[in-house]
Number of protein chains: 2
Amino acid sequence: MNRVAVDLPVEDAPSAAARVPDDGRLAVSGFGSVGYPKAVPLALAESTGRTLSLTVVSGGSVGDEIDTALVEAGAIERRFPYQARPAAREAVNARRIAFQDRHIAGLGDEVVSGGLVAPDVAVVEALAVGEDWLIPSTSIGHTPAFVEAADRLIVEVNRAQPLSLRRLHDVYRPGRPPNREPIPLTAPNARIGESRISFPREKLVSVVETDRRDSPYAFRDPSSTDRAIAANLSAFLATEIARNPAFASSVNLQFGVGSLGNALMGELDGVDVGDRTVAYYGEVIQDSLLDLIDDGTLSVASATSLALSAEGQDRLFEDVERYADGIVLRPADVSNSPEVIRRLGVVAVNSALEVDLYGHVNSTHVGGTRVLNGVGGSGDFNRNALVSVTALPSRVRGKGVSRIVPMVPHVDHTEHDVSVVVTERGVADLRGLGPSERADLLVEECAHPDDRPALRAYLDRARGRGGHMPHDLETVFDWA
Amino acid sequence: MNRVAVDLPVEDAPSAAARVPDDGRLAVSGFGSVGYPKAVPLALAESTGRTLSLTVVSGGSVGDEIDTALVEAGAIERRFPYQARPAAREAVNARRIAFQDRHIAGLGDEVVSGGLVAPDVAVVEALAVGEDWLIPSTSIGHTPAFVEAADRLIVEVNRAQPLSLRRLHDVYRPGRPPNREPIPLTAPNARIGESRISFPREKLVSVVETDRRDSPYAFRDPSSTDRAIAANLSAFLATEIARNPAFASSVNLQFGVGSLGNALMGELDGVDVGDRTVAYYGEVIQDSLLDLIDDGTLSVASATSLALSAEGQDRLFEDVERYADGIVLRPADVSNSPEVIRRLGVVAVNSALEVDLYGHVNSTHVGGTRVLNGVGGSGDFNRNALVSVTALPSRVRGKGVSRIVPMVPHVDHTEHDVSVVVTERGVADLRGLGPSERADLLVEECAHPDDRPALRAYLDRARGRGGHMPHDLETVFDWA
């Protein structure tokens, strides 16, 4: 297959970048820090004599060419829905960039309906492009929606991404509301689409050729705390899988993005699941999932991004054929779809910055004010999972600060969306309990022993003031 | 049709009540304060010589026979997922009842999988019952799931509810995860089920006959503030409907439960929708919806409950045939399904207690501690709607207290789930804005003019401390 069909408007990156208006609304491919366009954003960042004030919407996190280079060039004015690079984070927290944190599942609809942003240009990385189609690269993310919504399309064909990756893609495009059909996906391994994204041929204005690798995540090695959390989580999962009639013959699991999620997945092969089929239905493929596919623990892994480390990418790229039956990449509005997550009865495991006594979770804002990355898909899974687990260390590493607090200063997941909390200390199954019962369980099972006396003292004080969910608002952020 | 098939185990209410264990886990019909069982709960409340410690799960709110009589008898130990009577509220806030507030959409799955509670007895009001089927009465709620989950079934056949109501019912039961099919509903007026709920004949242990009316809501007359909110909402809806390509030919609306929602719906006929079809896809039918069906504003109203006032019930009951094509009643796991709400691109309008500067919404806990009713379906609609509107007065009536606050002390709907805020003062369209921009808009457009100086002063103080979402935690609950 030719990477670039004949007669397409191939040009260099600076020429393509010149097509983006100074105040352009850019929709870019990319999710899990892979599959994002590289040459055109870099050319934009390096362009001289222009004053750029771009709006940039991506599927999820992207690499340094966008969230470092363009940010440091002062070219981004507005950014959605997620960012995970220090330069972008710093600019967002200094309020130099107006950032709106969005759930992943609804983003495609929001962009297509013009509710969040109406993009004028989509810049999309592809394995190959024809006159009215393209094949996405290492992530699919919201690229199908962005291509549909944008007036014009610039495609970066990246020869560093193996063409064989198309074997993994299953592009299904949900229709537009209010007259759309159900998403016909009823099993994690099912394929309901094709490898290509189609578009009207007049939309394609530019093709740029590159061979630049993704700059993906680096995962840290699991710590002893990670391993202790994993052991508690494994024990809970084994019990729940044995008890819950929904898991009588199969279990569909999701784990959140990041080093803790990667570490927790790494311990999954130790969970006794009997003869049940175990599948991963999540948003990203991280390195430890490759091991679980290799050793047969997982029957299939379905996601929207190959969010692998550079080593993980090498491992996959060298042997795509072997993984082609075990990995499916879908658009983010399918991978994160509340419809599908509920249908499949997913067990979701996501991390957090802190949890409060009544089960509300902060996963985005340090101190309630400084955003880290964004809510990402954690809300899609926590809300819609049949069982949602929040896994986190009881304390901030090396700081002696409790992650179990009286009230989180920013709520991403409400008390209604959190079934179970797991720390390295233990497990609190919050289901069916009133707030006061939940608080006791979280303090006694999940908090660090050295933090328990202060938490108990707060609870005593709060309970003296009465109410279903007792608080002492005067000291709630100054409780220790 | 016979109300009660021959050879069924008919008995009086005290005999049926004696079948409920002292520590029984009861799943009861009822939603929107109608369609709940009346005789058996009253008999339980009046039983002598028993010490009851019941767990009671309902679909939504129920009447005084349960949430007053049983509560005052001290018979309820644990209550899910919603309550709306003063006696229950008081007991919950005094922590005499352990109450867990739950979203409506997932409740059926939670009960069937035993995650929240595994009911031993379902007590269900019906229009009629056969040996392996029943027809629900004025609400469907989670009755299909409860009948499936419970070991035993007690049916109250209520002759005060007209048999003709069965014309409204469309009972579709989603399968059990993880191997279930899409919910095949693609339009608000579609019918995908039948009027009956089926069960294994051995489950039915008792039939009780009653003729006691529901004790439903009373709606207050719209205030001048309600009308001003409605005028601002109407202006926003007209603009959005004209702009949004999703609403090119039809609009599906939802309005929340209560007097404000009822008042807002009452003004809907004034919105210019061109020649678009307008349907209601929500969880309850309130009185003003009958007017909108009568005058042709709505093509259909789909919900899970006839949450009408007593007068509204009379009006409907006298003329069920006339409304039979315009009203569909569904199980709550269809009416509130994230799958269907997203598919249909619903515009959701829900009220709240207060909204904070960054768009987080408290709809349940006064002062962060005293629960009012519960989150109900507001989360199902706010999260999954294509456009979600929070409508509320700028101040607490008669108290001069702002409902726009620096930080809500309880979050039910996060910043990610709220598109637009409407008060009697104006409209804040928060889409695509960073937190700091959202705060300015809410203060200047939605807050009461007399509250703006103090809110601006708080914002100045908070911004001095920096961050993406600035706060001054020392004064955040003591800001004025």
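Miscellaneous remarks
- Summed side-chain charge close to residue B:235 - residues other than residue B:235 whose Cβ falls under 15 Å, Lys, Arg +1, Asp, Glu -1: -4
- Sorted from shortest to longest, the distances between the residue B:131 label points of this copy and the other copies are 7.0 nm, with each point 7 Å from Cα along the line through the beta carbon.
- Across the identical copies, how the residue B:23 labels are spaced - nm, sorted shortest first, 7 Å along Cα→Cβ: 6.8
- DSSP loop trypsin sites (Lys or Arg not before Pro) with at most 10 other Cβ within 10 Å excluded, longest remaining stretch of chain B: B:1-396
- Annotation for residue A:5 and residue A:272: the two label points, set 7 Å from Cα along the Cα-Cβ direction, are 5.7 nm apart.
- The range B:291-343: GluC sites (Glu not before Pro) in DSSP coil with no more than 12 other Cβ atoms inside 10 Å: B:318
- Each residue of the range A:466-480 is assigned a 3J(HN,Hα), and the resulting list reads x, x, 5, 10, x, 9, 10, 4, 5, 10, 5, 9, 8, 9, 6 Hz, derived from the Karplus form 6.51 cos²θ - 1.76 cosθ + 1.60 (θ = phi - 60°), x at Gly and Pro.
- For the range A:370-383, putting each phi into the Karplus relation 6.51 cos²θ - 1.76 cosθ + 1.60 with θ = phi - 60° gives couplings of 9, 6, 8, 10, x, 6, x, x, 4, x, 4, 7, 4, 6 Hz, in residue order, rounded to whole numbers and with x for Gly and Pro.
- Residue exposure sequence - B:40, B:271 - by fewest surrounding Cβ within 10 Å: B:271, B:40
- Around residue A:210: net Lys/Arg minus Asp/Glu count, Cβ-Cβ under 12 Å: -2
- Under the shape rule built on the C-alpha gyration tensor, where the axes satisfy a ≥ b ≥ c, chain A is prolate, since a/c reaches at least 1.5 and a/b is greater than b/c.
- Position residue A:314: other-copy label points at 8.2 nm, ordered by increasing distance, label point 7 Å along Cα→C-beta.
- Cβ crowding within 10 Å ranks B:469, A:1 as A:1, B:469, fewest other Cβ atoms first.
- Gyration tensor verdict on the range B:117-194 (Cα atoms; rounded if a/c is under 1.5, prolate if a/b is larger than b/c, oblate otherwise): oblate
- Each stretch of four or more DSSP H residues adds -39500 (n - 2.57); spread over every residue of chain A, this sum gives -6500 deg cm²/dmol at 222 nm.
- Residue-wise HN-Hα couplings along the range A:317-325, as the Karplus relation 6.51 cos²θ - 1.76 cosθ + 1.60 with θ = phi - 60° gives them from phi, are 4, 6, 8, 4, 4, 5, 8, 5, 8 Hz; Gly and Pro carry x.
- Averaged over the residues of peptide B:89-100, the number of Cβ atoms from other protein chains lying within 10 Å of each residue's Cβ is 4.
- Restricting attention to chain B, close to 25% of DSSP beta bridges with both partner residues there are antiparallel.
- Within the protein assembly as shown, DSSP assigns beta bridges of which about 25% are antiparallel (rounded to the nearest 5).
- Between residue A:354 and A:362, the built amide H atoms are under 5 Å apart, and every one of these is 5 or more places off in sequence or on another chain.
- Calculated FRET value between residue A:315 and residue A:205, using beta carbons and R₀ = 51 Å, to 0.05: 0.90
- Global geometry of the range B:344-384, whether rounded, prolate or oblate, following the gyration tensor of its Cα atoms and the 1.5 cut on a/c: oblate
- FRET efficiency for residue A:23 and residue B:465, using Cβ-Cβ distance with R0 set to 30 Å, rounded to 0.05: 0.45
- Residues residue A:224 and residue B:480, FRET efficiency given R0 of 41 Å [Cβ-Cβ distance, rounded to 0.05]: 0.30
All of the numbers you see were taken from the coordinates with simple rules; none came from a lab. What you see is a predicted model; the values in this text were computed from it and never measured. Every residue, glycine among them, receives a Cβ derived from its backbone with ideal geometry; neighbour counts consider all protein chains shown.
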